[in-house]
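A short write-up of the structure that comes next.
The values are calculated or read from the model by the stated rules, or taken from the named source; none is laboratory data. Keep in mind that what you see is a predicted model, and the values were worked out from it rather than measured. When we count neighbours, we look across all protein chains shown, and the Cβ atoms used for this are built from the backbone with ideal geometry, even at glycine. These area figures cover heavy atoms from the full protein model, side chains too; ligands, DNA and RNA do not enter into them. Shrake-Rupley method; radii C 1.70, N 1.55, O 1.52, S 1.80 Å.
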Amino acid sequence: MTTQRTLILLRHAKSDYPPGAADRERPLAPRGIREAGLAGDWLRAHAPAVDAVLCSTATRTRQTYARTALAAPVRYVDDLYDATPGTVIATINTVGDDVGTLLVIGHEPAMSSVALGLAGPGTDSAVAQQVSAKYPTSGIAVLHVTGSWADVELGSVALVDFHVPR
């Protein structure tokens, strides 16, 4: 029997640009605080319960996760900051098969590249077009994975939904 899993790719919420702050240390802007909460609301209403989270170590991604008010265990991964799509996929490949729904919180351009790169059979072309046009802050891509996280590779999953909470 083949197992269906859900992969959710969340771009961090809108960040602020305080003077003198290093990029990695930039916090959420007031709009980002509100939108991260809306992202959490949308996920609770439209996605399966999140079992695990992989999150970049940047301040804005950590704050995005906190503001979603999701309660899944989180692993902060330094390699997800300024990551290439290959690094994001390799990190997903390390997740255990006891996880049914995985949330990855990261940055652009990696989030859109991963969503589009993984998109294969069963992908909704209108959703792929939305992701391709723009993946704004707080953007949420939902993908269906058949089989093990270790087997996730380019063209192997279905990109089925995209939402931008505002």
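With the condition kept exactly as written, say whether any residue in the range 137-158 is open to solvent by less than 30 Å² (accessible area, probe 1.4 Å), of a type in the set (S, T, N, Q), under 21 Å from R60 (Cα atoms) and in contact (Cβ under 8 Å) with a residue 24 or more places away in the chain.
Yes.
Mind checking which residues of the range 24-33 are crowded, with 17+ Cβ neighbours inside 10 Å and part of a helix (DSSP H, G or I)?
Of everything in the range 24-33, those that are crowded, with 17+ Cβ neighbours inside 10 Å and part of a helix (DSSP H, G or I) turn out to be G32, I33.
Of the conditions (1) open to solvent by 20 Å² or more (accessible area, probe 1.4 Å); (2) touching a strand residue (DSSP E or B) at 6+ places or on another chain (Cβ under 9 Å); (3) farther than 22 Å from A150 by Cα; (4) aliphatic (A, V, I, L, M), A119 fails just one. Which one is it?
Here A119 meets the rest and fails (3).
Which one is least open to solvent (accessible area, probe 1.4 Å), of the residues in the range 1-23 that are closer than 27 Å to T123 by Cα, in a loop (DSSP other than H, G, I, E, B) and among the hydroxyl-bearing types (S, T, Y)?
T3
Would you be able to say whether some residue in the range 106-126 is in contact with a His (Cβ under 8 Å, 6 or more places away or on another chain), within 13 Å of P85 (Cβ to Cβ) and either among the small types (G, A, S) or at pLDDT below 95 (or both)?
yes
Scanning for something of a type in the set (S, T, Y), open to solvent by 20 Å² or more (accessible area, probe 1.4 Å) and under 12 Å from L9 (Cβ atoms), does the range 91-106 turn up at least one residue?
For the range 91-106, residues of a type in the set (S, T, Y), open to solvent by 20 Å² or more (accessible area, probe 1.4 Å) and under 12 Å from L9 (Cβ atoms): absent.
May I ask you to list the residues in the range 79-96 that are within 13 Å of T61 (Cβ to Cβ) and out of contact with any strand residue (DSSP E or B) (no Cβ under 8 Å at 6 or more places or on another chain)?
Residues satisfying the conditions are D79, D82.
Got a sec? Which of A39, A47 is under 17 Å from M111 (Cβ atoms) and touching a Ser or Thr at 6+ places or on another chain (Cβ under 6 Å)?
Step by step, each of A39, A47 is checked, and only A39 is under 17 Å from M111 (Cβ atoms) and touching a Ser or Thr at 6+ places or on another chain (Cβ under 6 Å).
Could you check how many residues of the range 41-52 are within 26 Å of D79 (Cβ to Cβ) and either crowded, with 22+ Cβ neighbours inside 10 Å or of a type in the set (D, E) (or both)?
3
Contact list please: Cβ distance under 8 Å, first residue in the range 18-46 and over 20 Å from H163 (Cβ atoms), second residue in a helix (DSSP H, G or I) and open to solvent by 60 Å² or more (accessible area, probe 1.4 Å), pairs at least six apart or on different chains.
Close Cβ pairs (under 8 Å, with a partner that is in a helix (DSSP H, G or I) and open to solvent by 60 Å² or more (accessible area, probe 1.4 Å)) amount to P27/Q63.
So which residues in the range 88-128 are in a helix (DSSP H, G or I) and among the polar types (S, T, N, Q)?
Those that are in a helix (DSSP H, G or I) and among the polar types (S, T, N, Q): T91, S112, S113, S125.
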